[in-house]
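Colleague: I'd like to ask you about the structure that follows.
The values are calculated or read from the model by the stated rules, or taken from the named source; none is laboratory data. The structure displayed is predicted, hence computed values, not measured ones. Methodologically, a virtual Cβ is constructed for each residue, glycine included, from the backbone with ideal geometry; neighbour enumeration extends over all protein chains shown. Just the protein is used for accessible areas: all its heavy atoms, side chains included, with ligands, DNA and RNA removed. Shrake-Rupley method; radii C 1.70, N 1.55, O 1.52, S 1.80 Å.
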Amino acid sequence: MAGSDKIVRVPIHGFVKLSPWEQDVIDHRVFQRLRHVRQLALTEMVYPGACHSRFEHSLGVMQVASMMFDQLRPQLETSGQLEPRFSKDDLEKARVIVRLSALLHDVGHCPFSHAGEDVMPTNPLRGKKHKHEDYSAALIRHCMGDVIDGHPANELKVSADEICTFLQNDGSLPLQLLFWRPLITGQMDADRADYLLRDSHHAGVAYGQYDINRLVATLRVVRDRETENLMIGIETGGIQAVEGLILARYMMFIQVYFHHTRRAYDRHVTGVLGHLLAQEYGDRYGARGTFPPPSGDEVRTAVQNLDEFLRWTDPRVWQAIENDSAGPHGVLIKSRHHDRRVHETSHFPSTPELDHFYEVALPKLRTMGGYVDKADNSWYKFDKSADIRVATSDRGIDPAPVPLSERSSLVRALEEVTQRRVYVPWASKEKAKRALRP
Amino acid sequence: MLDPMPSNPEIPWERYALIAEFIRRFDAQGMTLGKTALQKMIFLLQRAFRFDFDYGFTLYTYGPFCVDVARDLDIVRGFGGAEIAYDANRGGYELRPGPAVDELRTRGSGILPAISGALDQLVADYGRATAKELELRSTIVFLARQDQNKEALVKLVRQVKPHFSDAQIEAARRELEERGYLGRAIEAPRTLTTGN
């Protein structure tokens, strides 16, 4: 079944090269479903161009993760001081795991991505709601073994379980793999590195732009002075690229991810999904109005639940909204009578400002169906990443890196966004404004 | 499943009070609290003392880390509850009380009596530990859920922390066991009452 490499043109990165094995993974129904899950839910109601899918983003993350891996790998290979050594075989296998993990990290997203996660069922082991990562791991483990473990091109014997362990990180990863995990989830990970540029591109805003090529070219392996651990840092010459990344994160958070109208639509999407799931399943999965869980009493049940989950895509939900069968929140989306923001704090409220918000403003609005949204609740958070390490030497594993915030007054000055807003139903907007007048 | 700490659903004052309390206690006892140490202290409080502040920790090469702890520390600083300085000689941060540290402790004070005993023990046991020592111990506690057999646990820790010898890991493991940290990490959840 040996085929040849193919290239596919992906916005932002241009040509992305795919091995025959990766082509088979991409052709799998679990991955193909991502064509029908939009990256930014109903952000298109604010930015009409933001209609891109998780499919495109996942290809982009694989590309960026590979670029980052290939920049760091020679630094590990040429260092003779490391204990344990990163052998050639370790690095070959790690590269395959990083690429496949990057490609598959989002396969567990429900319709409208993060906006639908509020109606995921509770994980009985944690007592908290499942996350899309739980679905991703379960789908890879139970539904994709044929294109991973059983693929003829899998010469390094990479297993679906290893990819799940890498993504979920239960603590059993050896250092040779754990070292690479920040490429998937960390302060400069490939996920964020891709989605900032991609979301910015499709939304038609310039806020998410930064110099990704410079960022990748200046990645360095460093050894933390306090704890002597190997970490992924940046050369001094990359400081401006990282500052650009952090500013992009800040701007995109304010202007896109935490946009007041977009957040109102997130809430309506949650309402629509809860309604549709309750109609479809009743209380079959325990709590009413939740997705099938990513697990089961036995593997067969888990697979049945996951098959059921895979049937949920954006077009299916849109069809219900168009048919007026998506409940009251569906009507609000269709009519664009979404909830309205009527009051908000500054981006960085002081304690007196918060007291005023909760003790004076909010009580006036509660009776009108007012509710609070806060920056902390957003799935996309601004994280200023002040602790990224900056190398202080020119070559080799840097033994004395310093935190970015010590080298960047810009990063030092940025604060976490903790803004709060009050929304009321569309019909109560004017009444709420009158109530808030002094 | 741990017992969730009672919390204002709108503002996590209890989390901010916890951070402010650590900073205040270390300062009052003339000890240095760094960012790494704060992360590991809160991890141990959650895992080994079973007080759940809803912080989700992930294991990195530098031990258990939670981005929300880092974020909350920045928020506490923004509120004036902490001052953060970099010590170039040590290569780490130093957290000191800010002008609003006591206001933040007061706002979340309902929770402090319930955790006071645990904080006393935690600070007495590990307040003077280095970041490196704390990181090893918190990694052992993190991985204890994987395997409680002592030889297997040492091997598991060495996989992640090859710069520690087996003897160093075993000594730290034994110390945690003797002090009750490993045993408590697998105990049933406790019931909490607070002043709120």
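Colleague: Using amide H atoms built in the peptide plane, which far-off residues or other-chain residues are under 5 Å from B:GLY92 H to H?
Modeller: So B:GLY92 has HN proximity to B:ASP87.
Colleague: Kindly write out, for the stretch A:202-211 in residue order, the coupling ³J(HN,Hα) from the Karplus curve 6.51 cos²θ - 1.76 cosθ + 1.60 (θ = phi - 60°), rounded to whole Hz, with x marking Gly and Pro.
Modeller: Calculated HN-Hα couplings, in order: 6, 6, x, 10, 9, 5, x, 6, 7, 8 Hz.
Colleague: Sort the protein assembly as shown into rounded, prolate or oblate with this rule: let a ≥ b ≥ c be the square roots of the eigenvalues of the Cα gyration tensor; rounded if a/c is under 1.5, and if a/c is not under 1.5, prolate when a/b is larger than b/c, oblate otherwise. Don't skip to the answer; put the middle values down first.
Modeller: On the way: a/c = 1.41, a/b = 1.07, b/c = 1.33.
Since a/c stays below 1.5, the shape of the protein assembly as shown is classed as rounded.
Colleague: What part of the accessible area of the stretch B:7-184, given as a whole %, is carbon or sulfur when the probe is 1.4 angstrom? Please list the in-between numbers first.
Modeller: On the way: 2830 of 6300 Å².
The nonpolar share, carbon plus sulfur, comes to 45 percent.
Colleague: Looking at the stretch A:105-187, which GluC sites (Glu not before Pro) are in a loop (DSSP not H, G, I, E or B) and have at most 13 other Cβ atoms within 10 Å? Mind showing how you got there, number by number?
Modeller: Working: sites: A:GLU117, A:GLU133, A:GLU155, A:GLU162; in loops: A:GLU155.
Loop-located and lightly packed - A:GLU155.
Colleague: Here's a follow-up. Can you flag which of A:LYS129/B:LYS150; A:LYS17/A:LYS131; A:LYS128/A:LYS374; A:LYS129/B:LYS155 are past 22 Å Cα-Cα?
Modeller: Values: A:LYS129/B:LYS150 33 Å; A:LYS17/A:LYS131 30 Å; A:LYS128/A:LYS374 20 Å; A:LYS129/B:LYS155 33 Å.
In this structure, A:LYS129/B:LYS150; A:LYS17/A:LYS131; A:LYS129/B:LYS155 lie more than 22 Å apart at Cα.
Colleague: Once you have a ≥ b ≥ c as the square roots of the Cα gyration tensor eigenvalues for the stretch A:25-161, tell me rounded if a/c is under 1.5, and otherwise prolate or oblate according to whether a/b is larger than b/c.
Modeller: Values: a/c = 1.94, a/b = 1.64, b/c = 1.18.
Verdict is prolate for the stretch A:25-161.
Colleague: Just how far, in whole angstrom, is the stretch A:137-207 from the stretch A:54-79 if you go by their alpha carbon centroids?
Modeller: 11 Å
Colleague: Roughly how many nanometres apart are two label points built 7 Å out from the Cα toward the Cβ at A:ASP89 and B:ARG96?
Modeller: For A:ASP89 paired with B:ARG96, the spin-label model returns 5.4 nm.
Colleague: What's the average, rounded to a whole number, of partner chain beta-carbon atoms within 10 Å of each residue's beta-carbon in B:59-66? Could the numbers behind the result be given before it?
Modeller: Numbers: counts 7, 9, 13, 8, 2, 1, 2, 0.
Partner-chain Cβ atoms within 10 Å, mean over residues of B:59-66: 5.
Colleague: Still on this structure, please answer the following. For the stretch A:217-329, what % of the accessible area comes from carbon and sulfur atoms, probe 1.4 Å? Write out the running numbers ahead of the final one.
Modeller: On the way: 2000 of 4250 Å².
Of all accessible area on the stretch A:217-329, carbon and sulfur atoms account for 47 percent.
Colleague: Averaged over peptide A:172-182, how many Cβ atoms belonging to another chain are found within 10 Å of each residue's Cβ?
Modeller: 4
Colleague: Further question on the same structure: What percent does the relative contact order of the stretch B:7-184 come to when contacts are Cα pairs within less than 8 Å and at least six residues apart?
Modeller: Taking the mean separation of contacting Cα pairs over the length of the stretch B:7-184, I get 28 percent.
Colleague: Summed for both chains, how many Å² of accessible area, to the nearest 100, are buried between A and B with a 1.4 Å probe?
Modeller: Working: alone 19420 and 9630 Å², together 25100 Å².
That pair hides around 4000 Å² of surface in total.
Colleague: May I pose another question? How much of the accessible area of the stretch A:96-197, in percent, comes from carbon and sulfur atoms when a 1.4 Å probe is used? Numbers along the way, then the final one.
Modeller: Values: 1550 of 3040 Å².
C and S fraction of accessible area: 51 percent.
Colleague: Quick one: of the DSSP bridges fully inside the protein assembly as shown, what percent are antiparallel, nearest 5?
Modeller: Just about 90 percent of them are antiparallel.
Colleague: If you roll a 1.4 Å probe over the heavy atoms of the protein chains, what accessible area per residue do you get for the protein assembly as shown, in Å²? All intermediate terms of the calculation are to be shown ahead of the outcome.
Modeller: Details: 25100 Å² over 634 residues.
The answer is 40 Å² per residue.
Colleague: Which value in nm describes the separation of the simple spin-label points at A:LYS6 and B:GLN168, placed 7 Å from the Cα toward the beta carbon?
Modeller: 5.0 nm
Colleague: Place a point 7 Å from the Cα of A:HIS36 along the Cα-to-Cβ direction; which residues of the stretch A:93-119 have their backbone N under 16 Å from it?
Modeller: A:107-113
Colleague: Can you give the mean number of other chain Cβ atoms that lie within 10 Å of the Cβ atoms in peptide A:414-423? Show your work: numbers first, answer last.
Modeller: Values: counts 1, 4, 9, 1, 6, 0, 2, 0, 0, 0.
Mean inter-chain Cβ contacts per residue within 10 Å come to 2.
Colleague: Next question, about the same structure. For A:TYR250, what accessible area in Å² do you get when you roll a 1.4 Å probe over the heavy atoms of the protein chains, rounding to the nearest 10?
Modeller: That residue has around 40 Å² of solvent-accessible surface.
Colleague: Using a/c under 1.5 as the rounded threshold, could you call chain B rounded, prolate or oblate? The axes a ≥ b ≥ c are square roots of the C-alpha gyration tensor eigenvalues, and prolate needs a/b larger than b/c, oblate otherwise.
Modeller: Numbers: a/c = 2.00, a/b = 1.36, b/c = 1.47.
Since a/c reaches 1.5 but b/c is at least a/b, the shape of chain B is classed as oblate.
Colleague: Further question on the same structure: Roughly how many Å² of A:TRP318 are accessible to a 1.4 Å probe, to the nearest 10?
Modeller: 60 Å²
Colleague: Using 0.36 nm per residue, how much length does the chain from A:MET368 to A:ASP283 gain when fully extended, once their Cα-Cα distance is taken away?
Modeller: Between A:MET368 and A:ASP283, full extension yields an extra 27.5 nm.
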